[in-house]
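Just so you know, all these numbers are worked out from the coordinates, no wet-lab data involved. Note that the structure is a prediction, hence the values are computed from the model and not measured. Neighbour counts run over all protein chains shown; Cβ positions are idealised from the backbone, glycine included.
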Amino acid sequence: MQEINLQFDRKNDYRTREAFKTLRTNIEFCGKEVKVIAVTSCTPNEGKSSIAMELAKAFAEAGNKTMLIDADMRKSVLVGRYRTGAVKMGLTHCLIGKAEYPEAICITNIENLYVTLSGPVPPNPSELLGSENFISILKVLRNSFDYVVVDTPPLGSVIDAAVAAKNCDGTVLVIENNAVSYKFVQKVKEQLDKTGSRILGVVLNKVDMDGKGYYGHYGKYYGKYYGKYYGKYGEEADGTGKEKIHSKD
């Protein structure tokens, strides 16, 4: 296994820590059969990767052996955001058959928390996430870990999240406050419904608890985000130096 040190910019305040404990507890109450959890959003930049990381961390801090899978292979932000350092093997290597899955697992500096980073950008992420290799990996992890959190791409941009969620026990949808419309969220929900994925709940993110307009107006950025990102998400890497990989698979 590889070893990495996750570096966080700052410590969460008490209110934030309690919010993630509540999220963890609510998922635990969904039933013992809910072990593999997909996390997605409607558009990029809503904070789903941060939610996925903090949720996995919350499970680990409660004594659960937890795996966080970075399945946002088009445009991962985890490597750059948490400054994980150099990692040789990632999820992509395993899905195209260039590595065995244990080689891609990273032991972290947080007790009980393990991470699998995305690896190089493949030309066919949706096909890889729907492949037998990915399904087999999830089956193995289900028997080896208490919880598996899968960070997937935004579902309003590409279909990858729905493909991955189909093989998970449930999905958490992250929505940024005042960023997307109700209709857009409904369309994303419909995509998840078509896969048969169980929606565990919604996380309303980036809420200014001290400001005005707690609920706000969801239509403000709908046209902006939908037009800007749909069909374009993941065309380029995020500047973290990730290589692109080409496969005939």
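When the charge dipole of segment 20-95 is built from unit charges on Cβ atoms (+1 for Lys and Arg, -1 for Asp and Glu) and taken about the Cα centre, the candidate among Met67, Ser50, Tyr82 whose Cα reaches farthest toward its positive end is Tyr82.
Modelled spin-label separation between Ile110 and Lys65, with each label point placed 7 Å from Cα along the Cα-to-Cβ direction: 1.8 nm. Per-residue packing, averaged as other Cβ atoms within 10 Å, sorts the ranges 184-192, 169-177, 21-29 into the order 169-177, 184-192, 21-29, beginning with the highest. In nm, to one decimal, how far is the Met1 label point from the Thr25 one, both placed 7 Å along Cα→Cβ? Those two pseudo-labels are separated by 2.9 nm. With R₀ set to 22 Å, the beta-carbon distance separating Arg142 from Glu103 gives a calculated FRET efficiency near 0.70. Summing Lys and Arg as +1 and Asp and Glu as -1 over all other residues whose Cβ lies under 14 Å from the Cβ of Gln186 gives a net charge of +2. Loop-only check: which GluC sites (Glu not before Pro) in segment 48-111 are DSSP coil with at most 13 other Cβ within 10 angstrom? Passing both the DSSP loop test and the Cβ count: Glu100, Glu111. Calculate the FRET efficiency for Lys88 and Asn124 from the Cβ-Cβ distance with a Förster distance of 22 Å, rounded to the nearest 0.05. That gives a FRET efficiency of 0.50.
Annotation: extensible slack from Glu18 through Asp208 equals 66.8 nm (criterion: 0.36 nm per residue apart, minus Cα-Cα distance).
Once you order the gyration tensor axes a ≥ b ≥ c over the Cα atoms, which shape class does segment 1-78 get: rounded for a/c under 1.5, otherwise prolate or oblate by comparing a/b with b/c?
Details: a/c = 1.25, a/b = 1.18, b/c = 1.06.
Because its axes are fairly even, with a/c under 1.5, segment 1-78 counts as rounded.
Close amide H contacts of Val121 (hydrogens built in the peptide plane, cut-off under 5 Å, sequence separation of 5 or more or a different chain): Glu243, Lys244, Ile245.
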